[in-house]
Amino acid sequence: MELLKEKILKEGRVSGEEILKVDSFLNHQLDANLLYEIGAEFKRLFKEKKVTKILTIEASGIGIAAVAALHFNVPVVFAKKVASKNLDNETYKTEVYSFTKQKNYDVRVSKRYLNEQDHILILDDFLANGRAALGLMDLVEQAGAELAGVGIVIEKSFQEGGQVLRDKGVHLESLAKVNRFTDGHITFQA
């Protein structure tokens, strides 16, 4: 997606050899017009799939999923990283390792919002080691739902996550694939 790549090159900031900061438009401050185009692109890429719900993980995936859901005309369900009193007692639960936070989270989704009739599209902002996507896929499996696919805004193709999902036969669509960071510069995979 050229518009996204241009935005990354213009506003993205590289930190070291593994971190890309896109907080000015994707995961701290949101560029709603860009999110609208991202949602339209996910709809185009998954148009052949029956999607009944979009699943993401809090917090960075919520804006992306919500705008994409407008294009699919389906609800968004997001996995919560923190147990709270207002979360139902009956939940699907899995553990997810966060690459950026360097810690494990128990993530939960109420059993009221995922079931065996659902066809779930998982959306998230980044794919690095694939742990968030695998955790969300585990929740889909626990619910007996069908996985329609996984959509990622930015895949770090130099890390293992994309290959892990592809090896599992997952329909994976990444809008921008970063090949590497060299001296603060971003190189995209062709």
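Nothing in this text is a laboratory measurement; each read-out follows from the coordinates by a stated rule. Predicted model, so just to flag it, every value in this text is computed and none were measured. Cβ coordinates were reconstructed from backbone atoms using ideal geometry, including for glycine residues, and neighbour counts include every protein chain displayed.
Let me know the charge dipole size of the chain about its Cα centre in debye, to the nearest 20, where only the beta-carbon of Lys, Arg (+1) and Asp, Glu (-1) is charged. Walk me through the numbers on the way to the answer.
Numbers: 26 positive and 27 negative charges, 46 e Å.
It comes to approximately 220 debye.
Over region 83-174, what is the percentage of antiparallel beta bridges among all DSSP beta bridges, to the nearest 5?
Values: 8 of 19 bridges.
Looking only at bridges with both residues in region 83-174, the antiparallel portion is about 40 percent.
What is the mean projected area of the alpha carbon convex hull for region 17-57, to one decimal in square nanometres? Intermediate values should be presented prior to the final figure.
Values: hull surface 16.9 nm².
Taking the Cα atoms of region 17-57, their convex hull projects to 4.2 nm² on average.
Quickly rank 6-13, 134-141, 60-67 as a protection proxy: mean count of other C-beta atoms within 10 Å, highest first. Provide the component values of the computation, followed by the final result.
Numbers: 6-13: 15.1, 134-141: 20.5, 60-67: 22.4.
Sorting 6-13, 134-141, 60-67 by mean packing, highest first, produces 60-67, 134-141, 6-13.
For region 57-170, what size does the Cα cloud have along each of its three principal axes, sorted from largest down, in whole Å?
For region 57-170, the Cα extents along the three principal axes come out at 38, 31, 25 Å.
Rounded to the nearest 500, what is the 222 nm mean residue ellipticity of the chain from helices alone, with -39500 (n - 2.57) per DSSP H run of 4+ residues and division by all residues? Show your work: numbers first, answer last.
Details: 5 runs with 57 residues, N = 190.
One gets -9000 deg cm²/dmol as the mean residue ellipticity at 222 nm.
How big is region 1-98 along each principal axis, measuring the range of its Cα positions in Å and listing the largest first?
The Cα atoms of region 1-98 stretch 45, 36, 20 Å along their principal axes.
What fraction of the DSSP beta bridges in the chain is antiparallel, stated in percent and rounded to the nearest 5?
On the way: 16 of 37 bridges.
So the antiparallel bridges amount to about 45 percent of the total.
Give the peptides 16-26, 180-190 in descending order of average Cβ contacts within 10 Å, highest first. Working shown, then result.
Working: 16-26: 15.9, 180-190: 12.1.
Top of the packing list down: 16-26, 180-190.
Give 43/101; 21/49; 103/177 a once-over and call out the pairs whose C-alpha atoms are over 28 Å from each other. The partial results should precede the final answer.
On the way: 43/101 30 Å; 21/49 31 Å; 103/177 24 Å.
Over 28 Å Cα-Cα: 43/101; 21/49.
Given the options 15, 174, 110, state which has the largest fluctuation in a GNM of the chain using a 10 Å cut-off (strictly under) for Cα springs.
Judging by the Gaussian network model, the answer is 15.
Charges on Cβ only, +1 for Lys and Arg, -1 for Asp and Glu, centred on the Cα centroid of region 68-137; of 109, 69, 82, which one is farthest towards the dipole's positive end?
Going by the charge dipole, the pick is 82.
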